[in-house]
Each structure stands twice: as structure tokens, then as C-alpha cells.
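The values are calculated or read from the model by the stated rules, or taken from the named source; none is laboratory data. In this text, all values refer to a predicted model and were calculated from it rather than measured experimentally. When we count neighbours, we look across all protein chains shown, and the Cβ atoms used for this are built from the backbone with ideal geometry, even at glycine. Note: areas computed on protein heavy atoms with side chains; ligands, DNA, RNA excluded. Shrake-Rupley method; radii C 1.70, N 1.55, O 1.52, S 1.80 Å.
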Amino acid sequence: MDQNLQAFFTMVENQDGVIVRDPPKLDLEIYIQNYKGRTRFDRLFLIGRSSVPLCVEALKAAIAEAKRGKDTHRYREAVELLRVAAPSEPEATYDQAWLEAQEASNKAETNRLLTELKGYKNNLIKESIRMGHEDLGKHMESIGDLNAAAEAYSKMRPDISTPKQFLDVGKHLVRVSIQRQEWGMVATHVGKLQYVEEDKTVEGYMKVSYGIALLGQEKYKDAASSFLAADPAIPASSYNELASPSDVAVYGGLLALASMDRDELQSSVLDNSRFRTFLEQAPHIRRAVTQFVSGRYSACISILESYRPDYLLDLYLQKHIPAIYSQIRSKCIVQYLIPFSCVSLETMEKAFGRPGQSIEDELADMIQLGALQARIDSINKLVTTRTSNPRSQMQAAALKAAENYERQALDRLRRIGLAAADLELKGGKKMGGFAAQHDFMVEETLG
């Protein structure tokens, strides 16, 4: 590795950043064409900061993307990183003329929009006030002032007059909240949109944005359900400022693998005709789910591990990949052991072993956490699963059923006794002593 790159990634490591040393399968130029808006820079910047093979290429692309917009702060961030990673690159030098011109333009545009909005408020024209707030919000978002953008978008609400305008406000607020990673606010804004059925394309936007918010909150099963419910007939252009159809397939499939059992995976993923269309964009996810459902767990893990570098470079998945992969791996091990009462550690090592890590230590951790009901025989190198005795279970169930039947029969006999004695039991609170005396009198009557 180049000395400058080594210094750069040492800095990233000291800042607790994620470093991906293996080359991903994605082609950067083709990959970024799937997106529009501010997410393009966010994704390029993340790849440049995390991927050793793509660092310089991604940072140069991020700088070019920043210069196509108005956000000078983003431009400065990308240039600063490139100056450490590859100081000899032409893009590593600030374009001072562009910076000064863009900052002056941003300031002039802000003043112009604020002046116009003030005039609209003086004239008391609701539609003009709404449009003024929207224009100001879009401008503030484009220059990176997300707090001011969210405030401007929120002020549109009192002047809304049509369902479409309501949807537009909701989408603006959802988009800004996702950029600010305020996942709870995203869920709140999406919840308000679901009662408006003006435009079908909004449904796709809602499913994707809500799934991203739930993923951010680590609610993996709910997030999977949201992605699995997305409609492939809705054009990707309606939500590609957040994610691509391939992302929907990956998010939905991975989270389903981490949180659903085999029957749910079969019905909700493989037999889901709508989601099957998304899986065509990510066939490796379909193969991984199929392998898990078919009981070929090591093959499932192998497929996912080959794509780990790509997922670690994803804007929304990166911080969750260790937890998601750990859950999937634990499920595979548990499912693998179910048919057996005893398995050798050597067999487990061949099926699930990882370079430099002991499967015995991993199994011990799973047992301590309660994820696996088994015991490890370190002398004979065996894993013995704890299976309950079916005969004992049957006897316990029979005894419980008999007790329930006896209690129900006694209750019925008491009611019959009350009816035969022409007595009426009124509702209300009863003292303990009276209740006990009453039971005794009924049992004596039934004699």
C-alpha cells in the first residue's frame, strides 16, 4: 500500500472508521448511476473513506459530484481527505475561484429567497407563501443547511390546499430526516403519508424510506417486511434519491435472513411474486435464501461472505453488517444442529470454520448467550445438543389436560347445583371467607 494511503487509513482507523481492504464486486461508475440527488455524494464519500482499492477513485468522483452542486462544505471535506490519501492528484488542490464564486452565489440566492418570502407574507397569498417556503427549503438543502431546510419545509404545512402538496411536504421532510439520520422522525412523517392515496409512486417511496428508518433503529424484521412489501411496478426514479431496486432486494433479503425462520423465508421472500422482481437485480441474495431454506447453510454463508466488502460500503448497511451477519450465522449453526444429537467439532469446523477463528469458541459464546441449547465435550471434541424427552413432554401435556378437564367439570357441577337449588349468584366483589363458605355449601348440596 502507498505510504499516503497507509497514513490515510491509519487516520480513519484511529477515528473508529470502517476499513474494507478486499476489493468489492461493484463497478463504481455503474453503481453511482443508480442514484440521484445528495445520496450520490454520500455514497461516494463513504466508499472513498472506507475502501482501500477504491479510495482515490471514489474521492475524486465525490469532489466532482460536489462541484456539480452548491454545497461547499462537502467539497472541502472531500478535498481534505484526498489531500491526505493522494496529495499529488490535481483534485487534491482547492479550486479557490469556484469556492469563492459558489459561496457568493449561495449567499445572494439565500437573501433573494428570504426577500421574496417576506413579500409573499405581506401580500397574504397562501399559495405564494407555500411555494416560497418550498423554494427556500430546497435551496437550504442543496447548500447543506439541513436544519434550515427542515424548518422551511415544516412551515409549508399551514398553507397546504391539496393532497399532492401534502405528499410533497411529507417527502421533503422524510428526505431531510434520513440525511440527518433522525430515524424516529422519518417514521413519523411516513405515518402521516400513508393516509393519502393521491399518487401510487408515493407508496414505493414510503416503503423504502420506512424500511431504511427501521433498519437505522435496528428493527430488522419490521424493516424486512417493509422492503418485502415494495411494489416493483413503481418506477425506481420515484425513490432513487434514497436507494436503488438492487438495494431494496439486498436490504429485504439480508434482513429477512437475519430475522425470519425457514417457513417465513419461503412464503415472504421466495414465493413473493412482487419481491421476486427485485431479486432479479440481486440474484446472489435469492441464491443465499434458497440455500438456507434448502438446508445448505455453509453455502448460504459462503455466498454472503463473498459480498461482505460490497455491503460494508453501503450507506445504510455498513454499521449493521456485523450484527446482521452474526444473526444469520447463528441461525445457520442452530438449524444445522437440529437433526443431530451429537456432532464432532471437526465436522462443525469444516462446515462453518473461519480462518484464524475457532468454531469451539464461537459455539461456547452462543451457548452462554442462550442462542444454542447444547454442550461441548472438549475432551472428545463433540457438540451434544440438549433435546427434551418426547415421552416426558407427552406425559406432562396429558397431566395438564386432565387437570384442566377436572377444573372445568367441577365448575359445571357447581353451576348445576346452584340452578337446582334455585340460587342466583350475583356479580361483584366477594370476601374471601364468604367465597370459601359458598363453595363448601355447594359441595355439601352436591353431597
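Tabulated data for the structure shown
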read-out: Of the criteria (1) β-branched (Val, Ile, Thr); (2) in contact (Cβ under 8 Å) with a residue 24 or more places away in the chain; (3) over 30 Å from GLU13 (Cα atoms); (4) open to solvent by 30 Å² or more (accessible area, probe 1.4 Å), which one THR110 fails; value: (4)
read-out: Qualifying residue in region 406-427 (condition: more than 27 Å from GLN327 (Cβ to Cβ), open to solvent by 60 Å² or more (accessible area, probe 1.4 Å), at pLDDT below 65 and more than 39 Å from the chain's Cα centre (by Cα)); value: yes
read-out: Matching entry among LEU242, LEU257, LEU228 (being touching a residue at least 12 places away in the same chain (Cβ under 8 Å), hydrophobic (A, V, I, L, M, F, W, C) and within 17 Å of GLY216 (Cβ to Cβ)); value: LEU242
read-out: Residue, surrounded by the most Cβ atoms within 10 Å (Cβ to Cβ), within region 113-138, restricted to residues that are of a type in the set (Gly, Ala, Ser) and closer than 28 Å to TYR75 by Cα; value: GLY137
read-out: Answer residue from region 45-69, given it is open to solvent by 10 Å² or more (accessible area, probe 1.4 Å) and either over 19 Å from ILE32 (Cβ atoms) or of a type in the set (Val, Ile, Thr) (or both) and is farthest from the chain's Cα centre (by Cα) among those; value: VAL56
read-out: Checklist (1) closer than 30 Å to ARG21 by Cα; (2) crowded, with 20+ Cβ neighbours inside 10 Å; (3) of a type outside the set (Ser, Thr, Tyr) applied to PRO87, failing item; value: (2)
read-out: Entirely in region 104-218, the helices (runs of 4 or more DSSP H) that have 3 or more residues that are of a type outside the set (Lys, Arg) and under 30 Å from ALA258 (Cα atoms); value: 163-179, 183-193, 201-216
